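The block underneath contains the structure these notes are about, expressed in structure tokens.
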Amino acid sequence: KLICQGCAALTDAELLAILIGSGSREHTALSLAKLILAAADQSLIRLGKFTVEQLCQFKGIGEAKAVTISAALEIARRSIREPREAQMKISDSSSAYHVLAPKLAYLEHEEFRILYLNNANKVIQQTLISRGGITGTLVDVRLVLRKALELGAVGLILAHNHPSGNLVPSEADKEITRKIQLGAKVMDIKVLDHLIVAQQGYFSFADQNLLL
């Protein structure tokens, strides 16, 4: 079917069955694929969060097959990041989200990242500043600004994720935004936005007029 009609003609279960290759005594590769997708609520995003150990819980899925499935889903995630970030011009919150979502949207822990921009608002570098737990992460303002000077950045877009999916900024979110803005202003560097990222979308400080 894939050869005759192309990949787009196949269902998610059929594509997953190709990765599985062969089934077990109880299930064909296709029926096994359907079982796995059912456990992920028919969501490839949820399936992408399954660990190798979790995939191996399905009878007929050994470590090699689980690794193959995990690798294929990771390739799909990485393909979303193209074209290269360094070629991306950030014109609004939506374009910033497009760059940041592949790194932040599907994490189960919190991370704080920054897009460092040149004077044409093109991405110089995306940098992981800190990694925390489910409910928060600490940010060193000095580290943020030191990196900006090293890269010659003139603009910053702050971003972190909320694993809970709640897009409402906390008081801590507002405070760290204010601190970075005040420090950056002294160095003639502008904080253009702060995005809170989740699977279902994002919150933009700039769009909501919450920047100084």
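Worth a mention:
- Distance between modelled label sites at K174 and Q199, nm, 7 Å Cα→Cβ extension: 2.9
- Set of lysines with alpha-carbon distance to K89 below 20 Å, sequence-local pairs under 8 removed: K103, K122, K147, K190
- Placing +1 on the Cβ of every Lys and Arg and -1 on the Cβ of every Asp and Glu, with no other charges, gives the chain a dipole of roughly 360 debye about its Cα centre.
- Euclidean distance of C-alpha centroids, the stretch 169-212 and the stretch 1-45, integer Å: 42
- Summing Lys and Arg as +1 and Asp and Glu as -1 over all other residues whose Cβ lies under 14 Å from the Cβ of N119 gives a net charge of +2.
- Gyration tensor over the Cα atoms of the chain: the corresponding equivalent ellipsoid has semi-axes (square roots of 5 times the eigenvalues, largest first) of 40, 18, 14 Å.
- Selection of trypsin sites (Lys or Arg not before Pro), the stretch 118-166, meeting DSSP coil and at most 14 other Cβ within 10 Å: none
- Once the Cβ-Cβ distance of R131 and T28 is raised to the sixth power relative to R0 = 41 Å, the FRET efficiency obtained is 0.50.
- Relative contact order (%) - the chain, alpha-carbon pairs under 8 angstrom, separation at least six: 15
- Projected-area average for the stretch 95-212 over all orientations - Cα convex hull basis, square nanometres: 6.4
- Taking every C-alpha pair closer than 8 Å and separated by at least 6 residues, the mean separation divided by the residue count of the stretch 167-212 gives a relative contact order of 38 percent.
- Only beta bridges with both residues in the stretch 146-205 are counted; by DSSP, about 35 percent of them are antiparallel.
- Gain on full stretching of the segment that runs from E14 to K185 - 0.36 nm per residue minus C-alpha separation: 56.2 nm
- Helical content of the chain, expressed as a calculated mean residue ellipticity at 222 nm, amounts to -12000 deg cm²/dmol (DSSP H runs of 4 or more residues, -39,500 (n - 2.57) each, divided by residue number, nearest 500).
- Share, in percent, of DSSP beta bridges within the chain that are antiparallel, nearest 5: 70
- Geometric descriptor of the stretch 2-79, per residue, is 90 Å³ (volume of the convex hull of the Cα atoms).
- A64-S95 pseudo-label distance in nm [points 7 Å out on the Cα-to-Cβ vector]: 4.7
- Taking the C-alpha atoms only, the angle from helix 141-151 to the longest principal axis of the chain is near 90 degrees.
Each value in this text was obtained by applying a stated rule to the coordinates, not by laboratory testing. Predicted model only: the values in this text are computed from it and were never measured. Quick reminder, even Gly has a Cβ in these numbers, built from the backbone with ideal geometry, and neighbours come from all protein chains shown.
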